[in-house]
1. Grab the beta carbon distance between S25 and D64, set R0 = 25 Å, and tell me the FRET efficiency rounded to 0.05.
2. With 10 Å bins from zero, work out the P(r) of segment 43-118 over every alpha carbon pair and list the percent per bin.
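The numbers here are math on the coordinates, done by the rules we state, and not lab data. Values in this document were obtained by computation on a predicted structure and should not be read as measured data. Cβ atoms come from the backbone with ideal geometry, glycine included; neighbour counts cover every protein chain shown.
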Amino acid sequence: MRKYQNLTVSLALCAALASTARAASIETMRWHRRILLVASPDPRDPKVSLQRRILATWKSQAADRDLSLVEVSGAHVLGTSDEARSLRQRYRLSSDVFEVLLIGKDGHVALRSANPMSAETLQGTIDAMPMRKAGKR
């Protein structure tokens, strides 16, 4: 039962983070949102689940930092109107392995990892970004 509750919380978080970007392309979100792009060959990948759990514990902080979640699993995409093939090509993502990217509001890839990013890593990186520092003044 607890396993299903965690899954429900994780899916609700993903929907909440992705809902702000549902109809928008990543290019449209530029200058407005930071993107956490999670790519995997399979949405049931344990690393995807772990990244979702990390974000679930960091929900309000993610919202405060204008972070949107985009997931690319196989040919399926959540959180943006972009197509999987286009995203994989643009960000040089393999279709065979898990990868997560933190994309700044200016469109640059600030972090790239083959493992889920911790809340501490996300917070430290985002808080050090020039646009975040300017917004906190």
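1. With a Förster radius of 25 Å, E is 0.60.
2. Bin by bin from 0 Å, the calculated values are 17, 55, 28, 1.
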